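Visitor: Once you've had a glance at the structure underneath, I'll fire off some questions.
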Amino acid sequence: MDTDDAPTPRPAIRVSDADREAAAEQLRVAAADGRLEFAELDDRLTAAFQAKTRAELAAVTADLESAQPDTRPLTLRTTSGTIKRTGPWVVPAEIIAECSSGSIKLDFTEASVPHREVIVRATAASGSVVLIVPHDWVVVMDDMSSSSGSIVNKVGGRPSPYTQTLRVSGSVHSGSIKARYPRRSFWDWLRGRKHPAIRS
């Protein structure tokens, strides 16, 4: 058999870090809405970040292709009341928090976060918006303005491909927007215990 005219196999297409991160994002969304167990999520994330070709990466998400994540932002508005998101909850990619004279508290310490970066668009007329994050998160408040209120970021840090980032933008009139770590409970403080989020 003459093999001179046989087609030359096409080389495998290599994937970039951005491709791997996109696949990882898809896996996190699938885990957040119940399509993957969290134990399986760990295995698939490892496979995604170790993938070198498109075929290897496609195999990690092949059974998830038909499902599309909900991209709608979570909108929270209050004029004089209190809105809280605490305990276990699923965090969307974007949150709109508008506070006239009440308060909005978003506690991410027990939340399921399928997105590497979460956008928060916050406004506080005379109320307060409080963002509580785990110790391994980064909070960026670059695009902010204030009339006579306060904008406080007690978290800080520098974003990287491996950190969970909360990117906050918005404005304050006479209210406040604050990002901070969770506080120890009174009993933890009394017993000299480390904060739950950083215990060994």
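Computed from the coordinates by the stated procedures, all read-outs in this text should not be read as laboratory data. On a predicted model such as this, the values are computed, not experimentally measured, just so you know. Here the Cβ is made from the backbone with ideal geometry for all residues, glycine too, and neighbour counts use every protein chain on show.
Visitor: When a footprinting reagent is the concern and you count Cβ atoms within 10 Å, what order do 110, 117 take, fewest first? If you can, show how the numbers build up before the last one.
Guide: Working: 110 12, 117 16.
Ranking 110, 117 by Cβ neighbours within 10 Å, fewest first, gives 110, 117.
Visitor: Can you tell me the relative contact order of the stretch 74-180? Whole percent, Cα pairs under 8 Å, sequence separation 6 or more. Provide the component values of the computation, followed by the final result.
Guide: Details: 310 pairs, mean separation 29.2, N = 107.
For the stretch 74-180, the relative contact order is 27 percent.
Visitor: Relative contact order for the stretch 17-64 using alpha-carbon pairs under 8 Å, separation at least 6, rounded to a whole percent?
Guide: Values: 31 pairs, mean separation 20.5, N = 48.
43 percent.
Visitor: Using a/c under 1.5 as the rounded threshold, could you call the stretch 17-64 rounded, prolate or oblate? The axes a ≥ b ≥ c are square roots of the C-alpha gyration tensor eigenvalues, and prolate needs a/b larger than b/c, oblate otherwise.
Guide: On the way: a/c = 1.81, a/b = 1.77, b/c = 1.03.
Prolate, because a/c is 1.5 or more and a/b exceeds b/c.
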